[in-house]
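So the structure is just underneath, and the comments pick up after that.
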Amino acid sequence: MAKKYTSRYIWEEFKEFFKIVGFVFVILLSLNIITGGNIFRTTFDDTNIPTNNQDFSGENTPYNGPLTTGNQNGVAYVEWIHVETNVYFPYAVTDITIKFVNPSHTTDELVGFLYPQPENGFFSNFSLTINETTYYAQVIRVEDALQRFQQARENDQNAGIGMQESATYFSFYLNLAPSTNLTMQLRYESVLIKNLGIYTITIPLQTLYDLKPKNVDVQVTINSPFSIDSITLKTYALSFNNYIQDKFATLVSTRDFQLYQDLDLIIEVTLKPPGRNGVIYFQNNGTHEFFLYIISPTTTYFEELSKKIVFVIDTSGSMSGLKLSQAKDAFYGILDQLRASDKFNIITFDSEISLYSSELQPVDADSIANAKQWVQNLQARGSTNFNEAVLKAIDVLKSDSTDAVPIIVVLSDGNPTYGVTDFTAIRNNVKNANEGLEASLYTLGFGDDVSFEFLYTLSDENYGRAIKIEVDENAASKIKGFYNMISTPLLTNIQLQIPDVWVTAPHINEINLYQGSEMVLTGMVPLDETNHSIFITASTYLGNETLYPTEDTYPLSERFIPKLWANLRIGDLLEQYQYSLNAALTPLEREIVSLSLEYQIVSPFTAFYIDIPLPNDSSNTQSNIEYNYNNDYYNNDNYSAHSAASGFDFISLIVGFGTFGLLTYQVAKRRKNRR
């Protein structure tokens, strides 16, 4: 007999159902509380959440070992990035602030990125701010930092580490504890060096692209002691609003600003010429006096000096194909820019040495055409007698009695295979032969297999620079830029006159200064030393001159010069450490570490380290930070993300007990029908 579905019957059925549902709800809610919210937790669908694309686990971690453990789920993301650069020529400070969010309630997240080593500068701050309390990193030995970072990860603790990844990059890692919302601050400071009359402000942004921030804004403020001639934004794809007035300028990113994978912010600035003899600034840190000396000659005050150049072209078998073709293009480009007052000669070498002419040649249409034809017929063959070729170039320059500025330009892959082949022996031979002549030796290294460290050191020890030409590069364009740097010498035979008690940095490897170039020196002396007489002597178009710099007050109150000196000094020591073949390097290491710790500068032997104490853990509180950790997650900006996660938990719970309730109801109903 069919049941009669009266209203009373239906009401009784609903009451039975809700009794069962209520019972299941109480059980599931209790289990959810006991397990800390893990029952029916649904993982965030992070397909639309910006996350760090780099894999910082396992073998992909730059520093394997301590960074290889932990749970990397790709849930953490970057809310926003703010970049602010303040320039007071020639000093620049850049602050990078990044808002990180880890919405996961149960797992820590490892995030990280690479950032370029500031040119002519250093990182001066690495800090984390959470709940309005800022924790500052300390510089400690790198092995200690790695060990402590590993421990912080095992404890699900907020922590950060910054290390020198290579000569050109730093790596920064954060371990984000569950339910974390914090900001990271990086600051680096640098001296801007003028090149070809232009100051270039480069703010690396492409390395931040992988963090996929939701919002980015950039601001650059420029103050100058001299009137600003021009400001050029070289990265056209980046959108800015500009304001310029005499000695002041600002650039502020527009609301639609975004990062690109292959674009940095590059700003070129030209200023009215400074004084003739340069400027010197003094600062002290309580125990020592420091100076910063900047000189930048221009054709406003000095006339151009003549040059005598010897080109040394490697025609050995290893230069065959594209390398020799690039070297020829580079030579043609430089030859076309020589001035009528200059002289030149050419030396080629394989296992044998060949001279274009027995003496330096004047620059005219016929000599240029003949030289190009001679080089055009060159072919690659034989071994590489590098040592003999460079020594012959020095002899050619010494045989000329004119007062022109002596320059050697070597075009090679830097792999000696004939005659003297030991790098150290070649360096010693060239340095000894160059005494008295003091020719500037520039090396252009070709190919991916170039012995660039050897060429770099050889040039550095002989008043020049080394430039690497990659296989797929436009050699002619790069060489044109190189030659523009040395085309117009204004000062030569530069000597810094300074009391012996001063310790200077960097070591002086520039004996010539050119139009648009600049020399920056720093020095340190104990406070009780009163002799501050510092100047340079140099040869100019007028003959030998003494140039006394103008003393000025450093524009910013921060003690920048002492730290800059320490950074440049560490750089000098690292060059000795890297290129010295002396096995007894322990004193160098000790001095590098000592300076790094004293001035809080990260080197290959030290690292930034910072951690945020766990709640109720007073033993881990940093001494210079007041412990104020607030675990009330709903009282900060992460409330929305936390609420969203909680919403997902609630929905999961409803679905869960609803499903179980319906199943239980159906079972009970069937049993009742059987009766």
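The values are calculated or read from the model by the stated rules, or taken from the named source; none is laboratory data. Note that the structure is predicted; figures quoted are calculated from it, not measured. Here the Cβ is made from the backbone with ideal geometry for all residues, glycine too, and neighbour counts use every protein chain on show. The area values use the complete protein model at the heavy-atom level, side chains included, leaving out ligands, DNA and RNA. Shrake-Rupley method; radii C 1.70, N 1.55, O 1.52, S 1.80 Å.
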Q | Only listed residue being among the polar types (S, T, N, Q), touching a Gly at 6+ places or on another chain (Cβ under 9 Å) and either over 26 Å from LEU271 (Cα atoms) or in contact (Cβ under 8 Å) with a residue 24 or more places away in the chain (or both), chosen from THR443, THR537, THR457, THR492 | A | THR443
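For every residue, the table says whether it meets (1) open to solvent by 20 Å² or more (accessible area, probe 1.4 Å); (2) under 22 Å from the mean Cα position of the chain (by Cα); (3) farther than 30 Å from SER296 by Cβ.
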residue	(1), (2), (3)
PRO90	no, yes, no
PHE123	no, yes, no
GLN147	yes, no, yes
SER190	no, yes, no
ILE193	yes, yes, no
ILE201	no, yes, no
Q. Are any residues in region 506-517 in contact (Cβ under 8 Å) with a residue 60 or more places away in the chain and open to solvent by 50 Å² or more (accessible area, probe 1.4 Å), and if so, which ones?
A. HIS507, GLN515
Q. In this structure, does LEU271 turn out to be open to solvent by less than 20 Å² (accessible area, probe 1.4 Å) and of a type in the set (A, V, I, L, M, F, W, C)?
A. no
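So, of the residues in region 595-604 that are touching a residue at least 60 places away in the same chain (Cβ under 8 Å) and more than 17 Å from the chain's Cα centre (by Cα), which turns out to be nearest to SER127 (Cα to Cα)? Explain how you work it out, then say what you get.
Of all residues in region 595-604, those touching a residue at least 60 places away in the same chain (Cβ under 8 Å) come to 596-597, 600-604.
Now restrict to residues that are more than 17 Å from the chain's Cα centre (by Cα): 596-597, 600.
Values: SER596: 18, LEU597: 17, GLN600: 13 Å.
Within region 595-604, the match that is nearest to SER127 (Cα to Cα) is GLN600.
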Q | strands (runs of 3 or more DSSP E) (entirely within region 230-299) containing at least 2 residues that are among the β-branched types (Val, Ile, Thr) | A | 248-253, 265-271, 279-284, 288-295
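State all residues of region 251-266 that are in contact with a Ser or Thr (Cβ under 7 Å, 6 or more places away or on another chain) and either closer than 29 Å to TYR599 by Cα or open to solvent by less than 30 Å² (accessible area, probe 1.4 Å) (or both); if no residue qualifies, say none. Steps first, please.
Of all residues in region 251-266, those in contact with a Ser or Thr (Cβ under 7 Å, 6 or more places away or on another chain) come to 253-254, 256-257, 263-266.
Result: SER253, THR254, PHE257, LEU265.
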Q: Test GLY317 against the stated conditions and say whether it is at positive phi and either open to solvent by 30 Å² or more (accessible area, probe 1.4 Å) or not hydrophobic (A, V, I, L, M, F, W, C) (or both).
A: no
Q: Can you run down the residue pairs with Cβ atoms below 6 Å, 6 or more apart or on separate chains, where the first is in region 339-357 and under 13 Å from GLN379 (Cα atoms) and touching a residue at least 60 places away in the same chain (Cβ under 8 Å) and the partner is crowded, with 20+ Cβ neighbours inside 10 Å and of a type in the set (Lys, Arg)?
A: none
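Can you go through SER166, SER171 and tell me which one is closer than 26 Å to PRO213 by Cα and open to solvent by 30 Å² or more (accessible area, probe 1.4 Å)? It would help to see each step written out before you state the result.
Numbers: SER171 fails: open to solvent by 30 Å² or more (accessible area, probe 1.4 Å).
The unique qualifying residue is SER166.
Scan region 574-592 and tell me whether some residue there is touching a strand residue (DSSP E or B) at 6+ places or on another chain (Cβ under 8 Å) and either modelled with pLDDT of 80 or more or surrounded by 15 or more Cβ atoms within 10 Å (Cβ to Cβ) (or both). So that I can check it myself, show each step before the final result.
First pass over region 574-592, keeping only residues touching a strand residue (DSSP E or B) at 6+ places or on another chain (Cβ under 8 Å): none.
The answer is no, given that none of the residues of region 574-592 is touching a strand residue (DSSP E or B) at 6+ places or on another chain (Cβ under 8 Å) and either modelled with pLDDT of 80 or more or surrounded by 15 or more Cβ atoms within 10 Å (Cβ to Cβ) (or both).
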Q) For the subset of region 462-486 comprising residues that are buried (at least 19 other Cβ atoms within 10 Å of the Cβ) and of a type in the set (Gly, Ala, Ser), which member is nearest to ILE334 (Cα to Cα)? A) ALA475
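Just to be sure before I move on: is VAL220 among the β-branched types (Val, Ile, Thr) and touching a residue at least 40 places away in the same chain (Cβ under 8 Å) in the structure I sent?
yes
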Q.
So for region 301-323 (the condition being over 33 Å from the mean Cα position of the chain (by Cα), of a type in the set (Val, Ile, Thr), assigned to a loop (DSSP other than H, G, I, E, B) and at pLDDT 90 or above), does at least one residue qualify?
A. yes
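Among VAL503, VAL525, VAL520, which is among the hydrophobic types (A, V, I, L, M, F, W, C), at negative phi and open to solvent by less than 10 Å² (accessible area, probe 1.4 Å)? Reasoning before the result, please.
Working: VAL503 fails: open to solvent by less than 10 Å² (accessible area, probe 1.4 Å); VAL520 fails: open to solvent by less than 10 Å² (accessible area, probe 1.4 Å).
Of the residues listed, the single one that is among the hydrophobic types (A, V, I, L, M, F, W, C), at negative phi and open to solvent by less than 10 Å² (accessible area, probe 1.4 Å) is VAL525.
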Q: Could you grab the pairs with beta carbons closer than 9 Å, sequence gap of 6+ or different chains, first residue in region 131-150 and on the phi < 0 side of the Ramachandran plot, second one open to solvent by less than 70 Å² (accessible area, probe 1.4 Å) and charged (D, E, K, R)?
A: TYR135/ASP611; ARG148/ASP611; PHE149/ASP611
(Q) Suppose we filter ASP144, ASP156, ASP108 for residues that are within 23 Å of LEU208 (Cα to Cα) and not hydroxyl-bearing (Ser, Thr, Tyr); which single one remains? (A) ASP108
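Return a yes/no flag: does region 53-74 have any residue that is modelled with pLDDT of 90 or more and either in contact with a Phe, Trp or Tyr (Cβ under 7 Å, 6 or more places away or on another chain) or hydrophobic (A, V, I, L, M, F, W, C) (or both).
To start, the set of residues in region 53-74 that are modelled with pLDDT of 90 or more comprises none.
Looking through region 53-74, none of the residues is modelled with pLDDT of 90 or more and either in contact with a Phe, Trp or Tyr (Cβ under 7 Å, 6 or more places away or on another chain) or hydrophobic (A, V, I, L, M, F, W, C) (or both).
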**Q.** Identity of the residue in region 528-562, open to solvent by less than 40 Å² (accessible area, probe 1.4 Å) and outside any strand (DSSP E or B), that ends up nearest to VAL93 (Cα to Cα)
**A.** PHE560
